[in-house]
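Right, one structure below, let's go through it.
The values are calculated or read from the model by the stated rules, or taken from the named source; none is laboratory data. Predicted model, so just to flag it, every value in this text is computed and none were measured. Note: ideal-geometry Cβ built from the backbone for every residue, glycine included; neighbour counts use all protein chains shown.
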Amino acid sequence: MLMLATLVGCNSTPYRDDYARHVNTMKKAPMEASAFRMIFSDGDQVDLRALYDNDTTMGNSNVLYQGAPGAAGLIALVAQIGVHSSIVSSQREERLATLQDSANSQIQPLLNIVGNIQLSQLLAPEHKPWLAPSLSSDMDTLYVKPIFFSNTDMTQLSVKVVAWIPDPNGSKKHPDKYKNLIHVVNAPLSDEQRTSLINGDQVLLQQMLAKLLGTAMNITYGATTGKFAGVKGTMKTYKMPNAGKNKVFRASHIADTCEHTVVRNLRQWLIAIPKAQQAGNLANQGTDTSNSENSVNAQSISTEGQCTAGV
């Protein structure tokens with residue numbers, strides 16, 4: 001049992017950084033609009049990953065536990081159960097890591113051309129003043145971690161931005177005074193766009209990632225400066241593509257961009273759904289969920305100053 005316990009956790013582990021539990025201990029907008037500053041938490045390199053089905057279901061692993069009578073036997077039994085649980089957990093982690101590696105291999109043409117792209121290159125001109133050159137002790141700085149995704153067919157791109165403000169008086173269990181996740185999904189790529197990316201069109205990929213990041217940054221700015229605080233939308237049912245499947249979730253409509261409808265789900269995450277494919281969204285009683293009348297004071301978010309078609 002000691003040998004097994006030692007071996008548990010020696011294998012590679014999957015990413016766990018594209019998830020955030022909503023936190024706001026200040027009970028108000030965490031940042032002033034005039035003092036909004038942010039910093040990329042993990043440096044300037046673009047992080048692009050493949051989406052995959054993270055079903056962690058494992059096959060049956062029946063085990064016959066053995067133990068002698070008495071207290072010593074009970075201790076041995078508990079130890080066996082603990083080691084078996086650790087082994088099963090390790091197997092799940094290893095399976096997820098393998099699935100991620102396998103999925104990444106299917107988007108290798110994109111990974112081949114993303115290496116020279118930096119996050120600062122993707123920022124829109126109006127967003128560059130937000131980027132703090134370094135952390136300052138006299139103001140709160142928003143840490144942002146953008147993670148870009150492609151489905152394995154390379155037909156749709158998205159970004160998740162984890163945003164947080166550390167609490168200097170926080171604990172290990174509660175280290176942040178604000179944290180949330182912003183998720184932006186772009187409309188499906190055309191056949192011509194997909195072919196160009198597979199053929200190594202780095203300029204096109206950079207333009208697409210810049211548009212995703214620009215939308216995500218506008219939403220992040222609105223969320224942290226209180227722009228959506230008074231918006232109380234009606235809960236509806238939405239769906240959007242995720243790793244080859246349609247993910248269905250409950251959310252309320254809070255804002256619009258030129259190309260997206262922004263909703264707040266039950267976790268308080270902000271999700272931007274592309275209007276180009278909203279015809280497939282589900283809604284209560286057949287109501288169109290993209291209708292801004294379903295929200296009270298739904299906001300409009302400007303992206304690059306105007307609506308533009310394509311990239």
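Conditions (1) modelled with pLDDT under 95; (2) among the polar types (S, T, N, Q), marked per residue:
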{"residue": "143", "(1), (2)": "no, no"}
{"residue": "150", "(1), (2)": "no, yes"}
{"residue": "164", "(1), (2)": "no, no"}
{"residue": "172", "(1), (2)": "yes, no"}
{"residue": "180", "(1), (2)": "no, yes"}
{"residue": "210", "(1), (2)": "no, no"}
{"residue": "218", "(1), (2)": "no, yes"}
{"residue": "223", "(1), (2)": "no, no"}
{"residue": "230", "(1), (2)": "yes, no"}
(request) Consider residue 160 carefully, then state whether it is at pLDDT 95 or above, touching an Asp or Glu at 6+ places or on another chain (Cβ under 6 Å), within 26 Å of residue 48 (Cα to Cα) and not β-branched (Val, Ile, Thr). (result) yes
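The rows are residues; the columns are (1) surrounded by 12 or more Cβ atoms within 10 Å (Cβ to Cβ); (2) within 30 Å of residue 197 (Cα to Cα); (3) modelled with pLDDT under 95.
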| position | (1), (2), (3) |
| --- | --- |
| 74 | yes, no, yes |
| 79 | yes, no, yes |
| 93 | yes, no, yes |
| 103 | yes, yes, yes |
| 107 | yes, yes, no |
| 114 | yes, yes, no |
| 124 | yes, yes, no |
| 136 | no, no, yes |
| 146 | yes, yes, no |
(request) Would you be able to tell me the number of residues in the range 107-156 that are of a type in the set (Val, Ile, Thr) and outside any loop (DSSP other than H, G, I, E, B)? (result) 4
(message) Just checking: which of the strands (runs of 3 or more DSSP E) contained wholly in the range 157-265 hold 3 or more residues that are in contact (Cβ under 8 Å) with a residue 40 or more places away in the chain, under 17 Å from the mean Cα position of the chain (by Cα) and surrounded by 18 or more Cβ atoms within 10 Å (Cβ to Cβ)?
(response) 157-166, 176-185, 235-242
